[in-house]
1. Identify, from the list LEU60, LEU100, the residue that is in contact with a Cys (Cβ under 7 Å, 6 or more places away or on another chain) and free of Cβ contacts under 8 Å to residues at least 60 places away in the same chain.
2. So GLY52 fits all but one of (1) in contact with a strand residue (DSSP E or B) (Cβ under 6 Å, 6 or more places away or on another chain); (2) surrounded by 15 or more Cβ atoms within 10 Å (Cβ to Cβ); (3) at pLDDT 75 or above; what number is the exception?
3. Find all pairs meeting these conditions: Cβ atoms under 7 angstrom apart; at least six residues apart or on different chains; first residue within region 108-129 and within 11 Å of GLY90 (Cβ to Cβ) and small (Gly, Ala, Ser); second residue part of a helix (DSSP H, G or I) and open to solvent by less than 20 Å² (accessible area, probe 1.4 Å).
4. Counting just the residues of region 63-83 that are touching a residue at least 40 places away in the same chain (Cβ under 8 Å) and under 12 Å from the mean Cα position of the chain (by Cα), which one comes out farthest from ILE105 (Cα to Cα)?
5. Looking at this structure, is ALA75 of a type in the set (A, V, I, L, M), more than 24 Å from ARG142 (Cα to Cα) and in a loop (DSSP other than H, G, I, E, B)?
6. Go through region 55-97 residue by residue and tally those that are among the hydroxyl-bearing types (Ser, Thr, Tyr) and at pLDDT below 85.
7. Condition check: under 19 Å from ALA132 (Cβ atoms) and either part of a helix (DSSP H, G or I) or modelled with pLDDT of 85 or more (or both). Does ARG37 satisfy that?
Amino acid sequence: EACARAAALRSGSASADESEQEAEESEDEQQQWLSLRVRRPAAAEVAGSIGGKLWDASLLMSAWLLENPSLLQPAGCRTPRVLEIGAGLGLVGLAVARALPDARITMSDYDPAVLRNLGESIRLNFAGAAPAAPAAALVDFR
């Protein structure tokens, strides 16, 4: 169900603001909703980079991870550490941060413009919120 909603959002059959994309994912059968905001930058902000695109794979991966949060926390690990390499818009890292509020999450990208945008998405989702915000880091993985 969450994957179907994610695909509908991506295809445009669900409403979205031009500058911010809101993806809603189901956590369980009781229809509890998780709302994430991802800032979609203007093309000029991330010229020459693929980090400004909302990839179908990130929608599907986020939905799957939210439906299977136990797979993200190894047995005996109280504070999982997650490194997302090539975070782009950051949807997957933001979803993991919501699914595992005690985890230490670092979302990275090699493009400074993408990283600035990623920081704004983190702020939109975690300003004043109880869970610790993920960190954003410049990592040249190319």
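The values are calculated or read from the model by the stated rules, or taken from the named source; none is laboratory data. Note that this is a predicted model, so its numbers are computed, not measured. So basically every Cβ, Gly included, is an ideal-geometry build from the backbone, and we count neighbours across all protein chains shown. What goes into the accessible areas is simple: the full protein's heavy atoms, side chains included, and nothing from ligands, DNA or RNA. Shrake-Rupley method; radii C 1.70, N 1.55, O 1.52, S 1.80 Å.
1. Details: LEU100 fails: in contact with a Cys (Cβ under 7 Å, 6 or more places away or on another chain).
Of LEU60, LEU100, the one residue that is in contact with a Cys (Cβ under 7 Å, 6 or more places away or on another chain) and free of Cβ contacts under 8 Å to residues at least 60 places away in the same chain is LEU60.
2. (1)
3. Taking only residues 6 or more apart or on different chains, the pairs are SER121/LEU94.
4. ALA63
5. Working: of a type in the set (A, V, I, L, M): yes; more than 24 Å from ARG142 (Cα to Cα): yes; in a loop (DSSP other than H, G, I, E, B): yes.
Yes.
6. Pass one, region 55-97, residues among the hydroxyl-bearing types (Ser, Thr, Tyr): 58, 62, 70, 79.
Checking the rest, the ones that are also at pLDDT below 85 come to 70, 79.
Total satisfying the criteria: 2.
7. Details: under 19 Å from ALA132 (Cβ atoms): yes; either part of a helix (DSSP H, G or I) or modelled with pLDDT of 85 or more (or both): no.
Against the criterion (under 19 Å from ALA132 (Cβ atoms) and either part of a helix (DSSP H, G or I) or modelled with pLDDT of 85 or more (or both)), ARG37 does not qualify.
Per-residue answers, yes or no, for (1) open to solvent by less than 60 Å² (accessible area, probe 1.4 Å); (2) part of a loop (DSSP other than H, G, I, E, B); (3) touching a helix residue (DSSP H, G or I) at 6+ places or on another chain (Cβ under 6 Å):
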site	(1), (2), (3)
THR79	no, yes, no
LEU89	yes, yes, no
ARG98	no, no, no
VAL114	yes, no, yes
ALA136	yes, no, yes
